1. Based on Cα coordinates alone, diagonalise the gyration tensor for chain A, multiply each eigenvalue by 5, take square roots, and list the semi-axes in whole Å, largest first.
2. So for the range A:195-254, considering every pair of alpha-carbon atoms, how many percent are separated by more than 14 Å?
3. What FRET efficiency would be calculated for the residue pair residue A:205, residue A:115, taking the C-beta separation as r and a Förster radius of 35 Å, to the nearest 0.05?
4. Could you list A:98, A:194 so that the one with the fewest beta carbons within 10 Å of its beta carbon is first and the one with the most is last?
5. Which value in nm describes the separation of the simple spin-label points at residue A:57 and residue A:26, placed 7 Å from the Cα toward the beta carbon?
6. Given the peptides B:64-76, A:231-243, A:176-188, A:75-87, arrange them by the average over their residues of other C-beta atoms within 10 Å, most packed first.
7. Over the range A:118-219, one equal point on each Cα, no solvent: what is log10 I(q)/I(0) by the Debye formula at q = 0.17, 0.24, 0.25 Å⁻¹?
8. Kindly give the semi-axes, whole Å and largest first, of the ellipsoid equivalent to the range B:42-84, taking each as the square root of 5 times a Cα gyration tensor eigenvalue.
């Protein structure tokens, strides 16, 4: 997989009329490595959490190899540990992963991959590769940024997942070490930068109320799915308020 | 076995949506409402998951050492600490509170 992505990243990129003021390759690689290493190491937290939730070593590693999108992985093991039905648990993880489709849309324009390369590049379409790629000024830099971030992160994330799971099996009671707090802390760290406007904060607040309020009354895993409705509900409420105000212009938010 | 089913369904679903974004012609999903919903859906899910994994014990709501740990993570985030430090703060504080019998 990595070989093909690198091959597609190199030919014809310099010919695309990159401005002479384009970013040096070394600077792109440095940015990409920084993100790849920092986030790749947090696979350790996933390995520990997954093993602590009762998944086997093989199941934990399969998740990092095959799913490779952190929030969905944490959500799945959390839901399974809470005794959720496997399909309900998978649905929550799937909905979290849906944002990657929108990253792919943006990336496919920037990377201009051949049709054959797309199925191979797809596994690396995640938050971090998108963030690095979108920050680059030229197509060549976008391709280098995407490939280096994707490769570093994929290798490290899987390696640290394995080490974390082995470590958790070695220390036994992961809760005594506070490792059950790693999952929610990861979610909070992913969530925090998204809470920029009142719309996002309102969605988060309503989702917390729904998620906690329905927990005692609905089967495990279902309250999270219901909480997802906070997004359309808040959008609908704001749309109504905007139209009540009668102004023809939008909210000016993106 | 049920865990493997969940892993399989999640892996196929998550890969499919990643590939979908690369294959769909640009503009197909670019309606403003769809884009806004896609941006807000993770906010709702992550907020609900954070709250549940902090306060849930099975189907009951409890206040235990995890709440202190996640509060420490929130402080670390406000101080703009790096990702790993945020997670480490939560783990260390939770373990510390538990060791003190909390």
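Computed from the coordinates by the stated procedures, all read-outs in this text should not be read as laboratory data. Here the structure is a predicted model, which is why all the values come from computation and not from measurement. A quick note on method: Cβ atoms are made from the backbone with ideal geometry, for glycine too, and the neighbour counts reach across all protein chains shown.
1. For chain A, the ellipsoid semi-axes come out as 33, 28, 15 Å.
2. 59 percent
3. According to the calculation, E is roughly 0.20.
4. A:194, A:98
5. 4.1 nm
6. For the peptides B:64-76, A:231-243, A:176-188, A:75-87, the packing ranking is A:176-188, A:75-87, B:64-76, A:231-243.
7. -1.05, -1.16, -1.19
8. 21, 14, 6
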